[in-house]
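Written out below as structure tokens is the structure these notes cover.
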Amino acid sequence: MWQAGLDWWVATGILVIMELLTGTFYLLVIAVGTAAGGLAHLGGLALEWQFLIAGLIALAGVVLVRRFRFGGGKRSVRGNRDVNLDIGETLEVREWHEGRARVMYRGAQWDVELLPGQSATALRYEISEFSGNRLLLKAKPDVAL
């Protein structure tokens, strides 16, 4: 009987260590589930109830992590600074041709395009998104001419 209870705590410890190595929250909430199974064992519940409690707690935790960690829906990588550190950087565009231009950025020529509703009268623009090999820009409000 003691061995079964010890197994819950060993599994919890292993999952916590694995969580520290991976950096996700999924293994941590599963570890919380195994700890709940261990507590159910200490409470004298049958093995079936221990597994049921551990499973339900772990499942609820995974659902919560999924909801809050990724709750904003799937974000487009086009404008995500976590994916591309160029988002938010400033460019100077001296001349527009129907909302498009070519500029030097990071030592190379880039095709840039003005986002809809943005003014072509500014000198400085902020990279808002990527679309293929084009940079989509919005005017920097503090430097409008």
Residue that is modelled with the highest pLDDT, among those in the stretch 66-90 that are surrounded by 11 or more Cβ atoms within 10 Å (Cβ to Cβ) and charged (D, E, K, R): 89
Subset tally (residues that are over 22 Å from residue 67 (Cα atoms) and of a type in the set (Phe, Trp, Tyr)) for the stretch 6-46: 2
Any pair with Cβ under 6 angstrom, 6 or more apart, that starts in the stretch 12-30 at a residue that is touching a residue at least 40 places away in the same chain (Cβ under 8 Å) and ends at one that is in a helix (DSSP H, G or I) and surrounded by 15 or more Cβ atoms within 10 Å (Cβ to Cβ): 25/65
Residue check for residue 129: surrounded by 14 or more Cβ atoms within 10 Å (Cβ to Cβ), modelled with pLDDT of 90 or more and part of a strand (DSSP E or B): no
Candidates 56, 45, 21 - the one that is at negative phi and at pLDDT 95 or above: 56
Filtered residues of the stretch 18-41 (kept if in a helix (DSSP H, G or I) and surrounded by fewer than 12 Cβ atoms within 10 Å (Cβ to Cβ)): 20, 21, 22
Residue under evaluation residue 63, criteria (1) outside any loop (DSSP other than H, G, I, E, B); (2) surrounded by 12 or more Cβ atoms within 10 Å (Cβ to Cβ); (3) modelled with pLDDT of 90 or more, criterion not met: (2)
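The values are calculated or read from the model by the stated rules, or taken from the named source; none is laboratory data. Quick caveat, the model's predicted, so the values are computed rather than measured. Quick reminder, even Gly has a Cβ in these numbers, built from the backbone with ideal geometry, and neighbours come from all protein chains shown.
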